[in-house]
Amino acid sequence: MSLKPVLAVVGRPNVGKSQLVNRILGRREAVVQDLPGVTRDRVSYDANWNGREFVIVDTGGWASDAEGMAAQIAEQAELAIGAADAVLFVVDATVGTTDEDEAVVRVLRRSKKPVVLAANKVDDQRLEAEASGLWNLGLGEPFAVSALHGRGSGDLLDAVIAALPEAPAETFEETGGPRRIAIVGKPNVGKSSLLNKLTGQQRSVVDNVAGTTVDPVDELVELGGEVYRFIDTAGLRRRVKEASGHEYYASLRTQQAIERAEVCVVVIDAAESISDQDLKILTMAEEAGKAMVVAYNKWDLTDDERRRYLTREIERDVQAFAWAPTVNISALTGRNVDKLKKAIDASLAGWETRVTTGQLNAFLGRIAAAHPHPVRSGKQPRILFGTQAQNCPPTFVLFTSGQMDPQYLRFVERRLREEFGFVGSPVVVQLRARE
Ligand code: GDP
């Protein structure tokens, strides 16, 4: 999984953190207001320097009233520093170091995180000398910058990038070419019939869609003017008949087809009660992180009574997959088979959704304000910030103080869906908890 490295920006109020963040982002996104005594929520943004992507967390100012000082630093900066991969420590060169700066330096030392020291407000050459004075903090070279004018920010960013750990390469394969679909389901639900209906008259679409080599077990099928690759259709065509151990191999084959697919059409026989085997296949597709469409087949065999039962079975057993679009079809008569394409496309779109770090954290901020995590043994676990580590399926990493109840995480996941959609896709929420 490619999780972008995280840079926490810390410093006293009024040293120009937010302005520096804006400068780094190359846009006016961060809040510039930086009032002493006002603790803002941490805000985070996607940043990019020379092609290296990272997440910036602006920790906001901390209250500088004497008594609360130490506690505030621990609360505000220490957590953010702990969750970060590197720290950008901003000092006001025109003021020099204060007791508060010294306190932060102690926190930084303890954290053992790589630190880049920015001496801000060096608007002209005269002030360079002040910046040099900051060597005495023992944090290495102070980078003289002017967030206001942009002076020195290139060198600073080079140093930041050098301090961040290398992000691992993207893991999900981007093979391009036609989208890969697997038709899966237990035996006799109508998978082969559905494939036949989909291919219909158009026997085997062009075998050489630009730049694709087709696995002999796959078929290219055109649906509504677009070509899709159906995975492992040889198995569906060959109709290997029940020998002993057949079920084991069928299951293995299903697993492999799911792995190779981007989206699974899970076929369920609507005329029969939903079985454990159906649920097992739904779970396989979800756990593999694939987009999904559920096709209730043999609709022509259902009467009103059966449909009422089916509705209840779905409510009872398939609720956990309510995010997947469903289509009621008949592979025999062709009813609604043309609607599958739309459902497949919708699921693939949900699966590919990307949410910016800014959007995500605005959302997380609202959640934290309206529905904070319940207090556990006197402590209030909090989501500090989050980032989408990848899509296909959307995968989020939440940096938290303390462990979170699984129940609360499910709630967050539900709200994520309400906010951003992700129709037809599993959503993965992972924690990086600081105790
Ligand atoms: P598979 O094992 O999942 O590939 O299932 P098949 O496609 O071989 O279908 C199993 C049986 O169900 C066959 O006798 C099909 O003719 C029948 N069948 C498939 N789809 C439908 C449907 O929509 N309606 C009806 N009435 N029968 C169907």
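Read-outs: derived from the displayed coordinates by stated rules, not from any lab. Computed from a predicted structure; not experimentally measured. Cβ placement follows ideal geometry from the backbone for every residue including glycine, while neighbour counts extend to all protein chains displayed.
Quick notes on this one:
- Sorting the segments 302-315, 374-387 by their residues' average number of neighbouring beta-carbon atoms within 10 angstrom, most packed first, yields 374-387, 302-315.
- Added length on full extension, which subtracts the Cα-Cα distance from 0.36 nm per residue, Ser111 to Thr311: 66.5 nm
- Kirkwood hydrodynamic radius (C-alpha pairs) into Stokes-Einstein, the range 315-435, 37 °C and 0.692 mPa s, D in µm²/s: 205
- Taking Lys and Arg as +1 and Asp and Glu as -1, the other residues whose beta-carbon sits under 9 Å from that of Ala271 total -1.
- Near-label residues of the range 219-235 by backbone N, under 18 Å of a point 7 Å along Cα→Cβ of Gln255: 232
- Unsatisfied cross-links (Cα-Cα over 25 Å) in the set Lys4/Lys121; Lys191/Lys339; Lys17/Lys379: Lys4/Lys121; Lys17/Lys379
- Cβ-to-Cβ counts within 10 Å put Ser251, Ser347 in ascending order as Ser251, Ser347, the fewest first.
- Relative frequency of Cα-Cα separations exceeding 21 Å in the range 366-435, percent: 22
- Computed from the alpha carbon atoms alone, the convex hull of the range 110-151 holds 69 Å³ per residue.
- For Leu416, neighbours were defined as the other residues whose beta-carbon sits under 15 Å from its Cβ, and their charges (Lys and Arg +1, Asp and Glu -1) total +3.
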